[in-house]
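The values are calculated or read from the model by the stated rules, or taken from the named source; none is laboratory data. These numbers were taken from a predicted model, which means no experiment stands behind them. Neighbour counts are summed over all protein chains in view; Cβ atoms, including those assigned to glycine, are modelled from backbone coordinates with ideal geometry. Calculation scope for accessible area: heavy atoms of the full protein, side chains included, ligands and nucleic acids excluded. Shrake-Rupley method; radii C 1.70, N 1.55, O 1.52, S 1.80 Å.
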Amino acid sequence: MPVSLLSPIARDLAITEGHAGQSIAISGLFALITSLFISAIIGVSDRRRVVLIFTALMVVSGVMVALAPNAPLLMAGRALLGVAIGGFWSISAAVVMRLVPEESVPKALAILNGGNAVATTLGAPIGSFLGGLIGWRGAFFCVVPLAVIAFVWQWRSLPALPPEKATIRARDVFALLKHRQFAIGMIAVSLFFFGQFTLLTYLRPFLDLVTGNDAPLISAILLALGIAGFVGTIMIGWLLKSHLYSLLITIPAMLAVIAITLVEVDGTPLTAGLLLTLLGPARHRRAGWMVDLAQQDYAT
């Protein structure tokens with residue numbers, strides 16, 4: 001949502017677009033911290049209760065961001081969102097695997113990540129469209145009733161989920177970095193996402209310049225980006241079977257070439273739209289990697 005609404009947020013709060021972009025960085029930072037320490041924090045707590053807490057945090061965050069009178073409160077709301085996102089995604093796969101029969105685990109994981117792919121596809125263009133109709137605050141507030149519905153649904157449907165294994169200590173996570181291959185992999189993935197989100201964070205200001213601040217056209221470009229990404233997520237399962245390593249090299253290279261081309265070529269709405277459509281599959285195929293590799297690992 002902030003990606004598609006960055007310029008209106010900056011104007012309304014009288015801050016720079018760079019400052020407004022920190023609302024994305026701060027949610028990512030708190031998601032990272034939460035994901036690293038979540039196992040030690042929740043300990044032996046019932047996972048059902050933990051999921052409900054994270055969903056409740058989403059509701060509170062949505063209200064805080066929508067009503068934020070200034071940048072500090074906006075950042076606080078986004079930080080709370082980072083805690084909810086980082087915590088939820090750290091335990092979601094394990095929770096899903098306990099909710100279905102063993103033979104249905106790959107399908108359940110695919111549905112979980114498929115929902116994420118659909119949300120990512122539609123979030124930015126819908127956010128931009130709603131921002132033009134009801135303002136960025138109204139667009140953000142639309143998240144609140146959705147989170148409330150999710151909370152009620154989880155409350156009624158999730159069974160008790162006490163932990164099945166010993167709690168992982170926080171230092172155990174960092175101990176993995178002692179393994180050279182794991183450390184190199186973490187550095188590579190971190191650099192990849194660093195570049196990707198640096199590009200995506202300030203996509204809205206760039207599109208404002210290219211389109212002359214045409215909100216419907218911006219929404220259409222973002223929708224094309226999302227749809228292309230969703231198609232890429234579907235296709236990746238076929239390609240991974242025989243082209244895993246070449247894809248791990250090609251996708252980051254594609255992102256780099258597209259980013260440089262966007263900056264160096266005189267931007268027109270058509271040029272930007274075509275380049276961002278190519279960016280979509282490269283951006284979203286990471287979700288396909290996760291689904292496919294998780295299924296292979298579980299099957300093994």
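When 41, 24 are screened for being open to solvent by less than 50 Å² (accessible area, probe 1.4 Å), closer than 21 Å to residue 76 by Cα and not small (Gly, Ala, Ser), only 24 passes. Anything in the stretch 130-153 that is in contact with an Asp or Glu (Cβ under 9 Å, 6 or more places away or on another chain) and either modelled with pLDDT under 85 or of a type in the set (A, V, I, L, M, F, W, C) (or both)? List them, or say none. 136, the sole residue that qualifies. Considered as a group, the residues in the stretch 154-182 that are among the basic types (Lys, Arg) and in a helix (DSSP H, G or I) include one that is modelled with the lowest pLDDT, and that residue is 171. Checking 260, 249 one by one, the residue that is open to solvent by 60 Å² or more (accessible area, probe 1.4 Å), of a type outside the set (D, E, K, R), within 30 Å of residue 109 (Cα to Cα) and modelled with pLDDT of 75 or more is 249 and no other. Just to be sure, is residue 3 surrounded by 17 or more Cβ atoms within 10 Å (Cβ to Cβ) and at pLDDT 85 or above? Here the answer is no, as residue 3 does not meet what is asked.
For the stretch 133-155, filtered to residues that are small (Gly, Ala, Ser) and over 20 Å from the mean Cα position of the chain (by Cα), the residue that is nearest to residue 84 (Cα to Cα) is 138. Taking each residue of the stretch 13-30 that is modelled with pLDDT of 85 or more and looking for partners that are in a loop (DSSP other than H, G, I, E, B) and open to solvent by 30 Å² or more (accessible area, probe 1.4 Å) with beta-carbon atoms closer than 7 Å, six or more apart or interchain, yields 13/70. From the list 92, 61, the lone residue that is surrounded by fewer than 18 Cβ atoms within 10 Å (Cβ to Cβ) and of a type in the set (Ser, Thr, Tyr) is 92. Go through the stretch 65-119 and count every residue that is β-branched (Val, Ile, Thr) and under 30 Å from residue 14 (Cβ atoms). Residues flagged as β-branched (Val, Ile, Thr) and under 30 Å from residue 14 (Cβ atoms) within the stretch 65-119 amount to 3. If you scan the stretch 186-208, which residues turn out to be farther than 15 Å from residue 128 by Cα and of a type in the set (A, V, I, L, M)? Answer for the stretch 186-208, where residues must be farther than 15 Å from residue 128 by Cα and of a type in the set (A, V, I, L, M): 186, 187, 188, 189, 191, 199. Screening the stretch 131-154 for residues that are in contact with a helix residue (DSSP H, G or I) (Cβ under 8 Å, 6 or more places away or on another chain) and open to solvent by 40 Å² or more (accessible area, probe 1.4 Å) and picking the one that is nearest to residue 49 (Cα to Cα) gives 151. Sub-6 Å Cβ pairs linking a first residue in the stretch 194-210 that is under 14 Å from residue 17 (Cβ atoms) to a second residue that is of a type in the set (Asp, Glu), at least 6 apart or interchain, are 205/17, ordered by first then second residue. Looking at 215, 220, just one residue is buried (at least 17 other Cβ atoms within 10 Å of the Cβ), over 24 Å from residue 108 (Cα atoms) and at pLDDT below 70, and that residue is 215.
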